[in-house]
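Trainee: Let me give you the structure first, and then I'll get to my questions.
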Number of protein chains: 2
Amino acid sequence: MKEWLPAIHAHKKNFTLRKGDTIFREGDPVNGIFFLYSGKVKVHKHWADGKELIVRFAREGDIVGHRGIGTELVYPVTATALEPAAVCFFEIDFFNASLKVNHDLLYELMQFYAKELMESEKSMRNLAHMSVKGRLANALLVLKSKFGLDEEGFIAFPLSKQDMSSYIGATYETTFRMMNELINEHIISVSAKYITILQEEKLRQLIRED
Amino acid sequence: MKEWLPAIHAHKKNFTLRKGDTIFREGDPVNGIFFLYSGKVKVHKHWADGKELIVRFAREGDIVGHRGIGTELVYPVTATALEPAAVCFFEIDFFNASLKVNHDLLYELMQFYAKELMESEKSMRNLAHMSVKGRLANALLVLKSKFGLDEEGFIAFPLSKQDMSSYIGATYETTFRMMNELINEHIISVSAKYITILQEEKLRQLIRED
DNA sequence: CGGTGTATTGAACAATTTCAAGGAAAGTGG
DNA sequence: CCACTTTCCTTGAAATTGTTCAATACACCG
């Protein structure tokens with residue numbers, strides 16, 4: 001999704017965001033699409049009592065707000081900065097016009113959607129059939145493979161337990177307890193928001209499907 | 001997704017399916033894409049002990065197997081006929097070539113994916129935050145709005161309780177019990193696979209989000 | 001008519017959420 | 001920089017929801 005980004009570079013409008021800032025909110029009219037230059041963003045859906053489910057994380061180079069493309073009039077999700085971030089914004093009309101003209105862009109976007117759909121349906125199955133501990137194990141592996149490790153061996157996407165619980169679709173308390181189990185079993189170690197995977201194989205065992 | 005179907009009509013290969021036949025299986029190498037001429041199909045993901053989650057239903061005019069498009073080498077889902085069906089098959093190479101050439105087709109496919117993704121993420125949130133009863137209520141409303149009612153006022157997509165439970169992501173027994181509650185509360189009435197919604201408003205109350 | 005699959009129900013069990021309550025950390029405004 | 005507010009963290013116990021197991025009934029099919 002990064003190759004053609006420079007091609008439409010000239011039409012960008014830049015914004016900077018502070019931690020906790022909202023890029024767009026579920027239900028807002030769709031007015032454009034965003035690219036992340038720097039920072040980390042969560043994309044989430046809301047539910048009663050401030051409950052939420054994080055459906056995706058984005059970092060530099062990623063696209064946000066694409067769920068508004070097509071026939072949708074309002075964003076079906078909210079996007080919130082997890083740390084200071086810089087985004088560039090494209091008017092929806094401009095972006096749609098680009099899609100009409102730029103076949104490669106459209107093809108990439110289609111493939112991107114296809115991949116997101118697969119991930120999403122996998123997550124659906126996980127939510128339906130996996131225990132919280134299994135979903136946590138899976139989330140850790142996904143975060144590692146998607147964002148890698150930093151210099152110190154931590155998963156390079158630090159998350160509050162709050163956000164972790166929203167990501168795996170469980171309550172804060174349950175997530176906390178399951179995390180403790182993993183720590184006591186020496187499968188992971190945790191220092192504030194920073195997580196180290198000690199025994200990847202044991203995590204994999206927790207998500208065996210059959 | 002139906003408008004451009006005739007355009008590539010000449011390249012089709014037809015197949016007929018009996019109830020229970022599998023069109024393709026999760027893990028099979030992707031060899032093509034299917035269009036449903038008639039019949040109903042479920043698209044599902046498997047899990048241990050023969051558990052499954054139905055991620056989508058398709059009927060005549062719908063596309064099946066599109067999840068294999070792009071970089072994927074194997075289907076991430078299984079497609080099974082719920083009743084006798086007729087499909088037409090397109091080689092993946094031919095379909096990909098069409099996408100490269102036919103901009104409108106590609107655009108429609110992209111929009112289709114975008115819509116599917118939104119639905120999928122909505123389902124994710126429902127699985128994470130709604131009770132089984134709420135998910136059942138939601139499923140009934142979705143099935144009604146998607147497939148309509150037949151002449152007798154039944155939801156025009158008869159489902160075994162087995163499939164219903166796989167669709168809402170709960171066990172057979174729980175689904176059964178929740179269905180009984182809805183019946184006892186005179187919200188729905190059921191005759192074998194055929195369901196009538198008696199009080200749509202009460203179903204909506206069960207899925208209030210906030 | 002027996003068999004296979006679906007329907008039905010109860011009871012025990014397990015997983016997860018909810019509630020409650022205290023402590024730590026972190027950001028905010030004076 | 002400090003007091004204050006808020007948010008996040010931590011833990012236990014109780015309540016709830018949903019699953020699993022088990023056993024029986026029913027229905028259709030060859």
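Trainee: Could you tell me whether A:GLU83 is closer than 22 Å to A:SER145 by Cβ and within 16 Å of DNA strand D (Cβ to nearest atom)?
Mentor: Yes: the conditions hold for A:GLU83.
Trainee: Can you say whether A:MET124 is within 13 Å of DNA strand C (Cβ to nearest atom), modelled with pLDDT of 95 or more and in a helix (DSSP H, G or I), as far as the supplied structure shows?
Mentor: No.
Trainee: Same structure, new question: Considering every residue within region B:163-185, establish whether at least one is within 14 Å of chain A (Cβ to nearest Cβ), touching a helix residue (DSSP H, G or I) at 6+ places or on another chain (Cβ under 9 Å) and among the charged types (D, E, K, R).
Mentor: no
Trainee: If B:TYR113 satisfies every condition in (1) touching a strand residue (DSSP E or B) at 6+ places or on another chain (Cβ under 7 Å); (2) part of a helix (DSSP H, G or I) but one, which is the exception?
Mentor: (1)
Trainee: Another question about this same structure. Answer with yes or no whether B:GLU119 is within 18 Å of the chain's Cα centre (by Cα), surrounded by fewer than 20 Cβ atoms within 10 Å (Cβ to Cβ), more than 7 Å from chain A (Cβ to nearest Cβ) and not in a loop (DSSP other than H, G, I, E, B).
Mentor: When the stated conditions are applied, B:GLU119 passes them.
Trainee: Looking at region B:145-210, what helices (runs of 4 or more DSSP H) fall wholly within it and have at least 2 residues that are within 16 Å of DNA strand D (Cβ to nearest atom) and under 25 Å from B:TRP47 (Cα atoms)?
Mentor: It comes to B:161-168, B:172-184.
Trainee: Scan B:ASN126, B:ASN138, B:ASN102 and give me the residue that is closer than 21 Å to A:HIS129 by Cβ and either buried (at least 21 other Cβ atoms within 10 Å of the Cβ) or assigned by TED's automatic domain parsing to the domain that holds B:LEU53 (or both).
Mentor: Answer to the check: B:ASN126.
Trainee: Here's something else I'd like to know. Has region A:84-92 got at least one residue that is over 29 Å from A:ASN14 (Cα atoms) and at pLDDT 90 or above?
Mentor: Within region A:84-92, not a single residue is over 29 Å from A:ASN14 (Cα atoms) and at pLDDT 90 or above.
Trainee: Applying the selection to region A:79-114, what residues are among the acidic types (Asp, Glu) and within 14 Å of another protein chain (Cβ to nearest Cβ)?
Mentor: Our first condition is that a residue be among the acidic types (Asp, Glu); within region A:79-114, this holds for A:83, A:91, A:93, A:104, A:108.
Result: A:ASP104, A:GLU108.
Trainee: Separate question: If you check A:PHE176 against the conditions, is it modelled with pLDDT under 95 and either within 16 Å of DNA strand C (Cβ to nearest atom) or within 15 Å of the chain's Cα centre (by Cα) (or both)?
Mentor: no
Trainee: Tally time: how many residues in region A:34-74 are within 12 Å of the chain's Cα centre (by Cα), within 8 Å of chain B (Cβ to nearest Cβ) and either surrounded by fewer than 16 Cβ atoms within 10 Å (Cβ to Cβ) or not β-branched (Val, Ile, Thr) (or both)?
Mentor: Residues that pass the stated criteria total 2.
The values are calculated or read from the model by the stated rules, or taken from the named source; none is laboratory data. This structure is a prediction, so every number in the text was calculated from the model and none was measured. Don't worry about glycine lacking a Cβ; one is built from the backbone with ideal geometry, like all the others, and counts go over all protein chains shown.
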